[in-house]
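The structure appears below as structure tokens.
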Amino acid sequence: MSKHEHTFVDPVPAPSLSQQIESAKTPNAPGVFITFEGGEGAGKSTHIGFLARVLEERGYEVVRLREPGGTEIGETLRSVVLDVKNDQMTDECELLVYEAARAQIVHEVIRPALQRGAVVLCDRFYDSTIAYQAYGRGLDREFVRQCNHFACKGVHPDRTILMCTGGSTEEGLERATHRVGADRLELAGEDFHARVNEGFLKIQEQDPQRVRLVVSDQAKSVTSRRVFDQLADLFPWMASEEECPQRLFASLDVKKVQ
Ligand code: TMP
């Protein structure tokens with residue numbers, strides 16, 4: 001065959017307009033992957049729980065996870081890494097335990113859920129490793145990034161909500177530990193946690209499209225509305241007062257009677 005002759009190759013069919021819109025919305029389409037990050041006591045759980053409920057009421061399959069954890073292996077690794085008895089654990093060992101738990105949850109739960117079209121809500125993910133192990137512990141940031149990459153095998157959050165109380169590191173730690181006592185990470189000291197909090201803000205500055213800062217300095221209903229606003233490009237109904245009215249959020253401010 002001369003170099004001017006070409007073998008005939010079937011053209012790849014162009015994606016339909018709806019396919020293009022769908023894949024432009026999120027690289028994880030048909031699923032959506034949302035992570036919540038923040039220092040200690042930032043109040044992520046309430047907002048993850050509320051978002052999960054609203055999404056489920058609208059018919060989405062929601063997979064709610066926490067890191068480390070979310071799988072049998074991950075929960076075992078969680079108890080190892082957070083156990084105050086393991087005070088001899090090196091920073092390198094700590095990093096690898098978090099990454100081991102992550103590799104498992106990505107493979108076992110997150111990727112299959114995204115492939116099914118679920119909305120995955122994860123309490124902490126790889127930004128925590130950059131904030132805690134790189135900024136907090138002082139491990140090489142580029143190496144930690146590579147470890148994240150190795151564990152995630154191409155799975156990335158579509159959106160990350162970085163929650164911050166606007167208060168001091170000390171107040172956050174106090175809030176996180178007053179009910180159940182401090183775990184090994186919470187005992188790492190105030191300077192460590194101040195570096196972690198700064199690290200999170202740097203991560204946000206470097207990737208403002210994905211990572212959105214939500215300050216929780218007012219009533220829970222106000223914070224939750226802010227969370228929804230930061231997700232409205234992924235779920236346009238969240239921006240609509242008709243479909244997502246203010247009264248929807250009011251239940252968050254009702255104090256539970258003990
Ligand atoms: P939490 O889920 O109750 O916040 O506990 C997890 C602790 O582990 C928290 O102190 C943050 C820390 N952590 C890391 O240091 N690196 C990580 O990669 C992750 C996911 C969590």
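The values are calculated or read from the model by the stated rules, or taken from the named source; none is laboratory data. These numbers were taken from a predicted model, which means no experiment stands behind them. Reconstructed Cβ throughout: ideal geometry from the backbone, glycine too, with neighbour counts over all protein chains shown.
Scanning the range 94-110 for residues that are closer than 28 Å to Arg58 by Cβ and buried (at least 19 other Cβ atoms within 10 Å of the Cβ) turns up Ile105, Val106, Ile110. One residue stands out among those in the range 192-223 that are at pLDDT below 95 and assigned to a loop (DSSP other than H, G, I, E, B): the one that is nearest to Leu248 (Cα to Cα), which is Ala219.
Scanning the range 39-58 turns up at least one residue that is part of a helix (DSSP H, G or I), of a type in the set (Val, Ile, Thr) and at pLDDT 95 or above. Scan the range 116-125 and give yes if some residue there is of a type in the set (Gly, Ala, Ser) and either in a helix (DSSP H, G or I) or in contact with a Lys or Arg (Cβ under 7 Å, 6 or more places away or on another chain) (or both), otherwise no. Checked against the condition, which is being of a type in the set (Gly, Ala, Ser) and either in a helix (DSSP H, G or I) or in contact with a Lys or Arg (Cβ under 7 Å, 6 or more places away or on another chain) (or both), the range 116-125 yields no hits at all. One residue stands out among those in the range 65-79 that are in contact with a helix residue (DSSP H, G or I) (Cβ under 6 Å, 6 or more places away or on another chain) and either assigned to a helix (DSSP H, G or I) or within 13 Å of the ligand (Cβ to nearest atom) (or both): the one that is nearest to Tyr126 (Cα to Cα), which is Pro68. Taking the numbered list (1) in contact with a helix residue (DSSP H, G or I) (Cβ under 6 Å, 6 or more places away or on another chain); (2) farther than 21 Å from Ala194 by Cβ; (3) within 12 Å of the ligand (Cβ to nearest atom) in turn, Val155 passes all entries but (3).
The rows are residues; the columns are (1) buried (at least 16 other Cβ atoms within 10 Å of the Cβ); (2) touching a residue at least 12 places away in the same chain (Cβ under 8 Å); (3) among the basic types (Lys, Arg); (4) in a loop (DSSP other than H, G, I, E, B).
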site	(1), (2), (3), (4)
Arg225	yes, yes, yes, no
Leu234	no, yes, no, yes
Met238	yes, no, no, no
Arg247	no, no, yes, no
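Taking (1) within 16 Å of the ligand (Cβ to nearest atom); (2) in contact (Cβ under 8 Å) with a residue 12 or more places away in the chain; (3) assigned to a helix (DSSP H, G or I) in turn, His149 satisfies each apart from (2). Scanning the range 71-90 for residues that are touching a residue at least 40 places away in the same chain (Cβ under 8 Å), out of contact with any Asp or Glu (no Cβ under 8 Å at 6 or more places or on another chain) and surrounded by 12 or more Cβ atoms within 10 Å (Cβ to Cβ) turns up Asn86, Met89.
Please count how many residues of the range 97-133 are in contact (Cβ under 8 Å) with a residue 60 or more places away in the chain, aliphatic (A, V, I, L, M) and near the ligand (Cβ under 9 Å from one of its atoms). Residues in the range 97-133 being in contact (Cβ under 8 Å) with a residue 60 or more places away in the chain, aliphatic (A, V, I, L, M) and near the ligand (Cβ under 9 Å from one of its atoms): 2 in total.
Taken across the range 207-218, residues that are among the acidic types (Asp, Glu), surrounded by fewer than 18 Cβ atoms within 10 Å (Cβ to Cβ) and under 23 Å from Ile48 (Cβ atoms) do occur, with at least one present.
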